[in-house]
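Right, one structure below, let's go through it.
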Amino acid sequence: MDQWFNIKLLEKETIAILVKKSDVEINPEEVTFDRLTTWIHSKGIKYGLQSDVIRKVAVNNDTNHSQIEIAKGRLPVHGEPAKLIPAADADIIKNNSENEKVDFKRLFIIPTVSFGQLIARKREATEGTPGITVFGEPIPAKRGKDLRVKNGENTVFNEENLGIYAAASGEVSYRSNCVNVYPVYRVDGDLSLKTGHIDFVGNVHVTGDVPSGFKINAQGDVRIEGLVEAAEIVAAGNIVVGGGVLGQGKGSIRCRGNFTSLYINQGNIMAGENIEVAQSILHSNCEAGKNIVCISGKGNIAGGTCTAENMITANEIGNETYSKTLIYMKLNEKQPNQSFAGDEKIKELQLNLEKLQQLKDALVRQAGNSNRLDQGTVSKIDNTINQTAAKLSELYMEKNNFASNEQSHSSHVIIKGTLHPNVEISMGKYKRIVQSPFQSAKVYMEEKEIKIYSL
């Protein structure tokens with residue numbers, strides 16, 4: 001079989017591909033189902049074999065398909081991270097990376113709580129589900145990342161029942177690792193010379209527009225039902241703009257939590273967590289500590305620069321006029337002190353394995369000279385060698401999993417519709433300019449190369 005086929009492994013050895021060698025003619029009498037199956041088994045592949053596919057290959061060995069999936073394992077499903085689940089009966093923007101559409105008609109129903117009320121509860125991290133390779137070897141799954149909950153403004157976290165309670169009455173501001181309760185400053189209508197700039201220790205709610213030149217500084221959330229022009233808005237919590245941002249390339253909007261808007265046109269936005277836009281991001285500079293999501297309506301990003309650490313997703317990036325659009329993914333560079341914890345144990349086991357093998361070889365040599373072999377001792381050594389080799393194999397697998405988790409593959413860009421030419425995608429120090437359009441694609445880093453994969 002080696003003269004006709006090769007086997008290629010993909011996705012952490014969970015997929016086995018039968019590759020037909022080019023320019024070779026298969027002998028149908030030699031390539032039978034039983035012989036082909038036996039050959040595949042000889043390569044160590046025993047899990048997830050697709051017998052129907054193998055049988056078709058044997059029957060139709062003159063097929064034009066050069067690569068066929070013959071076995072499939074299962075990738076591990078890592079555990080869900082711990083998170084705060086709001087308990088207040090209110091409509092809020094969720095602090096997550098799920099691609100959910102935003103109903104802007106409901107953004108301004110602000111959750112109000114009373115003293116002593118349960119307002120959130122911590123959902124603990126879950127265990128993952130291990131995977132398995134086509135060789136039948138397990139692939140460990142990671143437990144979800146824990147969350148260290150902090151006591152927020154006017155809130156108390158009870159570690160026994162994992163509940164967060166209001167220590168005062170007011171409006172709730174949800175963050176990823178804490179919940180705050182603030183008083184609220186409300187402006188009915190637009191900001192004007194009558195209202196002046198706003199600097200408030202709690203939440204700010206403006207029912208109208210924020211014209212150019214005005215400033216809002218809030219220690220809580222900022223909710224603006226109208227339009228934001230070239231203004232300066234800073235919030236310690238979240239910012240919601242129902243009417244959209246028309247920044248004219250001036251002004252700035254900054255928050256430590258999530259920024260949510262109908263659209264952004266020539267705006268300068270910086271959010272500590274997520275930027276969620278319902279319609280479009282046009283010729284703007286946007287930077288998010290986690291994700292940028294723009295998938296409702298047209299859901300397009302065109303012109304300007306978008307920067308995120310985890311994910312950028314949109315229906316369309318770039319446009320038909322090939323406007324220069326910059327997409328930059330910050331990569332979590334591995335720190336020098338971040339090394340696999342089992343490296344020392346691997347060295348120790350490797351040394352033990354060498355010593356055990358040397359001891360066994362010495363006993364066999366002595367037995368050859370004296371015609372006496374202590375079979376019991378040799379069996380014990382063999383058992384120890386097998387156990388040590390199995391532990392080494394397990395550690396190697398953990399190390400490979402650790403290395404793959406440290407790679408920048410987790411930072412990615414998803415385009416549900418069209419990725420247009422003249423979009424420049426940077427991941428860390430690597431850069432790629434899109435030369436031709438792609439439909440429904442994922443962009444990620446693999447082996448120091450930016451790859452575009454069609455979904």
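The values are calculated or read from the model by the stated rules, or taken from the named source; none is laboratory data. Values in this document were obtained by computation on a predicted structure and should not be read as measured data. Cβ: placed from backbone, ideal geometry, glycine included. Neighbour counts: every protein chain shown. Keep in mind that these areas ignore ligands, DNA and RNA; they rest on the heavy atoms of the full protein, side chains included. Shrake-Rupley method; radii C 1.70, N 1.55, O 1.52, S 1.80 Å.
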Taking into account only those residues within segment 133-153 that are open to solvent by 60 Å² or more (accessible area, probe 1.4 Å) and not basic (Lys, Arg), which is nearest to GLY44 (Cα to Cα)?
GLU137
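Would you point out the residue of segment 34-48, among those that are touching a residue at least 12 places away in the same chain (Cβ under 8 Å) and open to solvent by 50 Å² or more (accessible area, probe 1.4 Å), that is farthest from the chain's Cα centre (by Cα)?
Step by step, filter segment 34-48, then rank; the result is ARG35.
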Give me the pairs, please: first residue somewhere in segment 7-24 and assigned to a loop (DSSP other than H, G, I, E, B), second residue anywhere and open to solvent by 70 Å² or more (accessible area, probe 1.4 Å), beta-carbon distance under 7 Å, and either six or more positions apart or on two chains.
GLU11/LEU75; LYS12/LEU75; THR14/LYS72; THR14/ARG74; THR14/LEU75; LYS21/ASN6; VAL24/GLN3
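Tell me whether segment 93-111 contains one or more residues that are modelled with pLDDT of 75 or more and among the aliphatic types (A, V, I, L, M).
no
Please determine whether any residue of segment 291-306 is farther than 14 Å from ASN258 by Cα, of a type in the set (Val, Ile, Thr) and modelled with pLDDT under 95. Before the answer, list the steps.
Filtering segment 291-306 for residues farther than 14 Å from ASN258 by Cα gives 295-306.
Now drop any that are not of a type in the set (Val, Ile, Thr), which leaves 295, 301, 305.
Narrowing the set further to residues that are modelled with pLDDT under 95 leaves 295.
There is at least one residue in segment 291-306 that is farther than 14 Å from ASN258 by Cα, of a type in the set (Val, Ile, Thr) and modelled with pLDDT under 95.
Within segment 225-330, which strands (runs of 3 or more DSSP E) (wholly inside it) include 3 or more residues that are under 27 Å from VAL206 (Cα atoms), aliphatic (A, V, I, L, M) and open to solvent by less than 20 Å² (accessible area, probe 1.4 Å)?
239-241
Can you tell me which residue in segment 163-181 is nearest to ILE119 (Cα to Cα), limited to those that are touching a Lys or Arg at 6+ places or on another chain (Cβ under 6 Å) and not in a strand (DSSP E or B)?
Filtering segment 163-181 for residues touching a Lys or Arg at 6+ places or on another chain (Cβ under 6 Å) gives 163, 177-178.
Then drop every residue that is not not in a strand (DSSP E or B), which leaves 177-178.
Working: ASN177: 13, CYS178: 11 Å.
This residue is CYS178.
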Collect the residues in segment 8-33 that are open to solvent by 30 Å² or more (accessible area, probe 1.4 Å), over 16 Å from GLY136 (Cα atoms) and touching a helix residue (DSSP H, G or I) at 6+ places or on another chain (Cβ under 9 Å), keeping them in residue-number order.
LYS20, PRO28, THR32, PHE33
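Scan segment 182-194 for residues that are surrounded by 14 or more Cβ atoms within 10 Å (Cβ to Cβ) and in a strand (DSSP E or B) and jot them down.
Our first condition is that a residue be surrounded by 14 or more Cβ atoms within 10 Å (Cβ to Cβ); within segment 182-194, this holds for 182-185, 187, 190-191.
Within segment 182-194, TYR182, VAL184, TYR185, VAL187 qualify.
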